[in-house]
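These notes concern the structure reproduced below.
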Amino acid sequence: MPVTYNYKKIKATFENIDRDIVKDERIVVDTIDDKTQERIIRQVEEEYQLCYPFNEAKRAVMLARLKLYNNQKRDQSTVGDPLMFTVFNTIHASLYTDRLGVAWKGRGGSGDEEIEENLNQLSEFDYDVTGKDELDYYWNWDAEFFGRGLVLQMGFDRSPGVMAPVSELIDAVTFIRDPRAKSVNGNMQGKGAMRFGGWEVGATYYELKGLPGYFNIGSLRKEKHIQSLMDEARQARDEAQNRTTFDPSEEALGKYNNYEFTLLNWFTTIRGERYLVTLGNMRTAIVRLVKIPYNSGKRWPMQDRAFYPMSNDWDGVSIPDLTEDKQRAKAVLLNLGLISAKNDALGQYLYDQTRIKNKNDLNFKNNKFIGVDGRVDNAMIPVQKSTVHQYVNMIMDILDTSAQRATATPEIQQGIPSETQRTLGELNLVSSKVDTRYSMSAKIYGWSERRYWLQWYMQYKLHFKDKIDKKIVRIQGALAPKFREFTRENIISFVDPDLKVESLVVSEATRVREQQGFSQFASFAIQDPENNRRYIMKHMAKLNGMNKEQINMMFPPTVDEMQATDENDELNASKLPKISVQDNHQEHIEVHNKANQTPEMVAHIRAHKKLMVIKRDRPDLFPPAESPVQAPTGQASAGASASGAQPGGNAQASAS
């Protein structure tokens, strides 16, 4: 149940705001008094008034471009050119289809290899559970159309079957930010990060009531915002789609009958600590105040994705920046040509009134005969008029080519056969250069993808409780799907793991190239009996795309590998396990290298190496290994009796 606080009865100092944080999705607070509340509201209002005019000109341009992308309200007698839509969706389809792969890498500590494998499986599972594929579509769309897309990562969904971090796409056209900001979180040192910024959202009373962290929602009033970011964006989209705006009808709804309140979510820093403040009643009342716990409050829990970023600039370059003017020019020329064609079909004419007596004879009709006095020549001639310039087609081609060059989307990339006959070599060269341009954009997307998954890991680290939370993950096994239960110790390591993000197209091409090169080398290396043939074959299986489970089924761990794995637990606990003369020292050393770098681990590996040298120099000290297959006791006794029954010489030879 949300709590309504009486600010007049509660005393708190400004420094005690840091107690107003969300823990276990509940507000834990002796909340703030009226004076402190007014200070926060005044601070947010000052920051808002700085951001709003700075962002307004750019927002107006972005909203106007929505009509160019899909203008359903245009004059029905004219036609529009789909240049922006064609180029945009060609690039969008290519970058969306090329999914970015995620690979977690442990830092080499105890158990990191298992946690690494668990995180790879968990991230793959959460990709489907949280609808990351759909989020990527709209996240890419915003980045390509507005220059920068924004995703908020706060909270944790504990509902059955989910138990995963929450991500939310923020409408980039409603977001206003610090004029000094170069990106959301700046560089590794935080330089260039925004000091403040926010966006508007709409919610009903009962939606707010069901969300954690909100209070005082009963004080929200029904009122019309004069400069609402959300309403302006909604109206622009309605006009582009030829819809009727519903704002006047919205005001007729009751306050508790699904009326949508307009709220402002605002990131800001209060006394050195970062907060998310939610304001209502036209930014005059606080309904949520949450301290940002992520990464010790040094980074905002928001990821920004840029399309063509520019150095030291937030906005960068978007696809409409490169195609808007060309689409407008093509549309003007196209409609002029259409008007000229209509004029040719329905022209104006001069006729001789002395020879054509009846004007109705000039109306067109099939199989009609018109009588005139005298000769029929020169009775009527067309009116000379201006025609479309002969260079119109050339200008339209230049505009189209210019857009293709700027965005690396030639006709062949759009699925259109090239009008110019080109050789196969030329087409392959064009395709390779297009892939180069697109792969650069995919790498740039990889920056935000990496930050997204690192924040995903941080959300698990903050919200997934030890000895309380459990998550069932479906894993596609080598033979059939299987389900595994994860607890905190299975996915959270002592030292945070590293993360590698790479385009699947690029990673697949790299794997194929490495496979081809390694195959040639392995064919020679495997012929030497001194080489580690087992490792060569396992690495070849990995380069062929097999996962760890499939490789383990093809090459089951040997007894020495399993024994060495158990001994690693003793080495990690600073204990020295015993070494048997029958050990396969090479396999033990290979497995022990995965243990923690302790003095015991180093000493144990040195002991194995020493025994290998002694075994080489003094093989007589090492008894031969016993045969793994022994005859049953009854058969051995029978054989011994049979041997003893023979003459003495044979019996002695048998005994020897």
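Table for the structure above
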item	result
Whole-Å semi-axes of the range 242-349's equivalent ellipsoid (Cα gyration tensor)	49, 28, 9
For Glu260, residues with placed amide H under 5 Å, excluding near neighbours	none
Label-point gap, in nm, between Arg618 and Ile356 - each point 7 angstrom along Cα→Cβ	12.6
Dimensionless Rg/Rh of the range 47-119 - Kirkwood Rh, Rg from C-alpha atoms	1.32
Which of His588, His539 has the fewest Cβ neighbours within 10 Å, and the rest in rising order	His539, His588
Nonlocal amide H pairs with Lys105, under 5 Å, H built at 1.01 Å	Asp498, Leu499, Lys500
Exposure proxy ranking, count of Cβ atoms within 10 Å, fewest first, for Trp139, Trp447	Trp447, Trp139
Sequence-separation-based contact order of the range 559-621, relative, with Cα cut under 8 Å and 6+ spacing, percent	36
Cβ-based exposure ranking for Asp498, Asp466, in which fewest neighbours within 10 Å come first	Asp466, Asp498
Förster radius 41 Å - calculated FRET efficiency between Leu576 and Glu508 (Cβ-Cβ, nearest 0.05)	0.35
Distance (nanometres) between label positions extended 7 Å along Cα→Cβ at Ile339 and Asp498	6.4
Within straight-line cross-link reach of Lys330, lysines at Cα separation under 28 Å, skipping those fewer than 8 residues along the same chain	Lys58, Lys67, Lys73, Lys342, Lys385, Lys433
Taking only Cα atoms of the range 559-621, radius of gyration then Dmax in Å	11.4, 35
Reachable lysines, given that their alpha-carbon falls under 22 Å from the alpha-carbon of Lys578 and they are not under 8 places away in the same chain	Lys594, Lys609, Lys610, Lys615
Long-range HN-HN contacts of Ser503 with modeled amide H, under 5 Å	Gly101
Cα-based reach from Lys255 at 13 Å (exclusive), listing aspartates and glutamates while leaving out same-chain residues under 8 positions away	Glu207, Glu223
Gyration tensor verdict on the range 256-313 (Cα atoms; rounded if a/c is under 1.5, prolate if a/b is larger than b/c, oblate otherwise)	oblate
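Taken together, the values in this text are just the output of simple stated rules run on the coordinates, not laboratory data. Note that the coordinates shown come from a computational prediction; the quantities given were computed from them, not determined experimentally. Positions of Cβ are backbone-derived with ideal geometry, glycine not excepted, and every protein chain shown enters the neighbour counts.
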